[in-house]
Amino acid sequence: MGGEGLSLVITDLSFRYPGSKSNVLDGIDLSISDREIFTLLGGSGSGKTTLLNVIAGFIKPLTGHIVLDGKDLTHERSEKRQIGIVFQDYALFPHMTVEGNVGFGPRAMGLSRKRVRSVTDDMLGLVGLEGYSARIPSELSGGEKQRVALARTLAVRPKVILLDEPLSALDTSLRESLRKDLKRILREQNIITLYITHDQSEALSISDRIGFLSEGRILEEGNPDQIYWRPTIKRTAEFMGLMNSIRIIKRNGSQLVSELGDIPWKGDNRPIDMMFRPESACMEKREGIEIKGRVKGSEYRGRDHLVDITSGKRSYRVLAPHDSVFMKGEKITVYVSFGSLVPIYR
């Protein structure tokens, strides 16, 4: 990943739609290295697609710079940027064959017929669609269309590829299998990848780094493990999945006094709460916090149960083994190790 070589550097990038009083993008700073898959994760309206459109050159930023391989592209025409984009809806030419779609870019670049055919064959081999050359888009499945769209984008040898929710239109099983192939394909290219999604599991599985985008700002970034298990911002923590919050009452020397007991603490004096993921809890006694309560309800999810526990005036959600049996109202005790607690600054 990265190292010396190709890089995409975005600084202080802002954008506002005409007539609006607020920015859709508000001071975006981002650096991505060659062969790196960087995912921007965020909900609807966070600015993800707008950022892709600014980087691709389809719309002009209000402020900031886009620098690729040392060259400032901020005011460069989109077709001159060496940036490819794969859209959510594939955007294939319906009247062209698969070969025609994939070879469209190389033909427009003026390559010979023989070279276009060679590039097309290489790209179809890369995405696992050998033998599909003569088909038209209406004869393809959703996953096959997405592979053709990817092959078409890679055929022009871009330095950067932008993927805008590329798997969101596919069913769950196909999405999971295709993202494995997608990660492999992108790994094999000397290319920068900026991937856009609202799907947390997709971001965790495909990314080298993840940036959490909210209200036009990247609030936090890190590798998948950091973003899921060690976020520093509450909004990031909650967007990535279920989180339980433990209220900290005060600090007492090297201890935090919480509603569930004392917690060792070596950090500073900033206001803080502790959080933990449901899967961090267990029913075997261990050094950590102890939650005693009653079962409010449970949701069977196949591989586990998501159990709601009421303890005093608070509720917590924890995971339990799939073969567990829970009755509403029964007493329950779960434990969370100190090492599994996530400090979140207020």
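Residues checked against (1) of a type in the set (Phe, Trp, Tyr); (2) assigned to a loop (DSSP other than H, G, I, E, B); (3) crowded, with 17+ Cβ neighbours inside 10 Å:
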| position | (1), (2), (3) |
| --- | --- |
| Glu284 | no, yes, no |
| Glu299 | no, no, no |
| Ile309 | no, no, yes |
| Ser315 | no, no, no |
| Ser324 | no, yes, no |
| Ile332 | no, no, yes |
| Val336 | no, no, yes |
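For (1) on the phi > 0 side of the Ramachandran plot; (2) of a type in the set (D, E, K, R); (3) not in a helix (DSSP H, G or I), each residue gets a yes or a no:
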{"site": "Asn101", "(1), (2), (3)": "no, no, no"}
{"site": "Arg115", "(1), (2), (3)": "no, yes, no"}
{"site": "Tyr132", "(1), (2), (3)": "no, no, yes"}
{"site": "Arg152", "(1), (2), (3)": "no, yes, no"}
- Query: Given the conditions (1) over 26 Å from the mean Cα position of the chain (by Cα); (2) surrounded by 13 or more Cβ atoms within 10 Å (Cβ to Cβ); (3) over 25 Å from Leu6 (Cα atoms), and given that Arg113 satisfies all but one, which numbered condition is not satisfied?
  - Reply: (2)
- Can you tell me which residues in region 227-262 are touching a residue at least 24 places away in the same chain (Cβ under 8 Å) and in a loop (DSSP other than H, G, I, E, B)? Arg230, Pro231, Thr232, Ile233, Met240, Gly241, Leu242, Met243, Arg247, Glu259, Leu260
- Task: Tell me which of these Gln226 doesn't satisfy, since it passes every other one: (1) farther than 26 Å from Leu140 by Cα; (2) under 11 Å from the mean Cα position of the chain (by Cα).
- Result: (2)
- Message: List pairs: first residue in region 181-209 and assigned by TED's automatic domain parsing to the domain that holds Ser168, second residue of a type in the set (Ser, Thr, Tyr) and part of a helix (DSSP H, G or I) anywhere in the structure, Cβ distance under 9 angstrom, at least six positions apart or on different chains.
- Response: Lys183/Ser205; Ile196/Thr49; Gln200/Tyr228; Leu204/Tyr228
- Residues of region 1-26 being within 15 Å of Thr193 (Cα to Cα), among the hydrophobic types (A, V, I, L, M, F, W, C) and part of a strand (DSSP E or B), in sequence order, are Leu8, Val9, Ile10
- Scan of region 27-57 for residues that are in a helix (DSSP H, G or I), touching a residue at least 12 places away in the same chain (Cβ under 8 Å) and farther than 22 Å from Ile233 by Cβ, ordered by number: Thr49, Leu52, Val54, Ile55, Ala56
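The values are calculated or read from the model by the stated rules, or taken from the named source; none is laboratory data. As the structure is a computational prediction, the values presented were derived from the model and not from experiment. Note that we place each Cβ from the backbone using ideal geometry, even for glycine, and neighbour counts take in every protein chain shown.
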